[in-house]
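This report concerns only the one structure given below.
The values are calculated or read from the model by the stated rules, or taken from the named source; none is laboratory data. A quick note: this is a predicted structure, and the numbers were derived from the prediction, not measured. Reconstructed Cβ throughout: ideal geometry from the backbone, glycine too, with neighbour counts over all protein chains shown. Side chains included, ligands, DNA and RNA excluded: accessible areas come from the protein's heavy atoms. Shrake-Rupley method; radii C 1.70, N 1.55, O 1.52, S 1.80 Å.
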Amino acid sequence: MNALVEAQQLSVRYPYAARPTLQQVSCTLRQGERVLLLGSSGSGKSSLCLTLNGLIPHRIEAEVSGSLAVCGLDAWRTEPARLARQVGMVFQDPESQFCTLTVEDELAFGLENLCLPRGEMARRIDRALRQVELEAQRQTRLDRLSGGQQQRAMLAACLAMEPALLVLDEPTSHLDPAGAAQFMRLLRRFIEAEPTRALLIVEHQLDALIEMVHRVWVLDEAGCLRYDAPPRRLFAHHHAALARLGVWQPAAVLLAQALHAAGIAWPPDLLTLDEALRRLRGVPAAWEAAAQWAAPGADPLPAPEGEPLVTARRVAFAYPDGTQALRGVDLAVRRGEVLALLGANGAGKTTLAQLLAGLLRPQQGQVCLLGRDVARMPARELARQVGMVFQNPEHQFVADRVFDEVAFGLRRQGLDEALVQARTAELLQRMGLVAHADANPFTLSQGQKRRLSVASMLVSDTVLLVLDEPTFGQDMGNRAELIAELRRLHRAGATLVLATHDMDLVWELAQRAAVLAEGRLLAVAPPGVIFADRALLAQARLEPPPRAIVWATVQALTGEPDHQPMEMRPA
């Protein structure tokens, strides 16, 4: 097979960076190969992707060394416009790539730049829209699409260019569970229809993807290529080293590790959840250990005592463009609980989260904190009691140093500077940000920005902490540390509200989940009840996490189904 990518001793260093982001990476990607790129947060995954289409160094300033050939072209001497004919790229956030207003215009934009005949353009546009199932949205404005549809539109725009190499950088990170599952299904269909196309994908939702790839590249924390191996061999023989690197691993691999630790004989090379479940059904000796691994991780739900901490009563909210985000929502958050807000893109999770935090005011209904109308509380008093971590970390940065960003809340409280220094240093250590204390927050990776935004809220002793997608952009190790920090905070008495697409987070941490769809509250119940209700999951565009699937399987095998009652199911 022809080599599409040949890198020799490739290094990338950004201006003023303490060390290179990528160091002496040598790798080859051939025609028809599909490669999964893994690494911890900040290991250089996105930087490697950006060299392949020439954005580094031609549009993003960086010092590069070594050699990189892409489809026979010298990437250091070839403009991105020419490389774009060979390399199609889909980023995490599709809106950052859009150049036009409608779906059809977006697909036509790149083809027009290739000066293709009108008939050929029409053929490619029709084919690409069929591939991503967006024929009905051909004339739809891009800003009217759901998050999943926007990502599929961006994929279609790349497919219409018929690139030799398709690069996907966390393409499902902004999608709801059903949208992510649909994207992976369409990607599988594309692979089957276009077996000669090469694929490089950065992704952490491995269970739906792992069967599609031929090899896995793993970057370590120094930006060096640590592993290049077929997935079965890599995860079977190097799972411990991958865990130390904070790299995501398939659920079947994590289950195998748990069973092995319990003394259960288990094949080391099972890769998919279906493979693991088929074997599990025939090995009764493994059921107890599998149940312990898969069990919900939330602390017992606190008994209701007195009035709820925060309540929403018949809350409705619409944005200036007419979008009705919430429709008559009733919700009570108990003091000392962890409540997850679930639903598809556009269901109303973020709006409800911001209403509960007092950042928005309901147009109908009322939000009360300890019986007081949040809309009537002084902003300073509300800020002392409620913290909010936004979905986009950049929206809340106020300092130009990471250390000062975390210390800001403490200094605002008038604390002694020695105490501020000590508490800030401790929190930076816990969140893995010590090495970036002097960096500008905007220069951090997405995962590092997320941890910084959480850290800046943890310094204050708030009674309610509302977090919008807290685990977004985290590698496996940092995610585990973040969850441990949230668990510690909760056990210290804080009440947590999590708006999230991360169903594993819900299973591990939430005591109850509130499910939204089209601005309406469908149900509030423990996660085990939510994930067992197939009709509810379909209506809300949710998917159960792998641990919940393993848990339900073991419960069915042992005859001990979990029958927790639904607490609320409005009509």
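Peptide packing: for 17-26, 338-347, the average count of neighbouring Cβ atoms within 10 Å per residue gives the ranking 338-347, 17-26, highest mean first.
Would you work out what percent of the accessible area of the chain, with all protein chains in place, is carbon or sulfur (probe 1.4 Å)? Roughly 49 percent, rounded to a whole number. Extension gain, THR196 to ALA399, is 68.2 nm, computed as 0.36 nm per intervening residue step minus the present C-alpha separation.
CYS224 exposes around 40 Å² of accessible area when a 1.4 Å probe is run over every protein chain in place.
Taking every DSSP helix (H) stretch of at least 4 residues in the chain, weighting each as -39,500 (n - 2.57) and dividing the sum by the residue count yields a mean residue ellipticity at 222 nm of -11500 deg cm²/dmol. Around the amide H of VAL310, modelled in the peptide plane, lie the amide H atoms of VAL333, LEU370, all under 5 Å away and 5 or more residues distant in sequence or on another chain.
Quick check: from the Cα gyration tensor, does region 20-102 come out rounded (a/c under 1.5), prolate or oblate? In terms of gyration-tensor shape, rounded. Here the spin labels are modelled as points 7 Å beyond Cα on the Cα-Cβ line, and at ARG130 and ARG380 they lie 6.6 nm apart. A straight chain from ARG491 to GLN421 at 0.36 nm per residue would run longer than the Cα-Cα distance by 22.7 nm.
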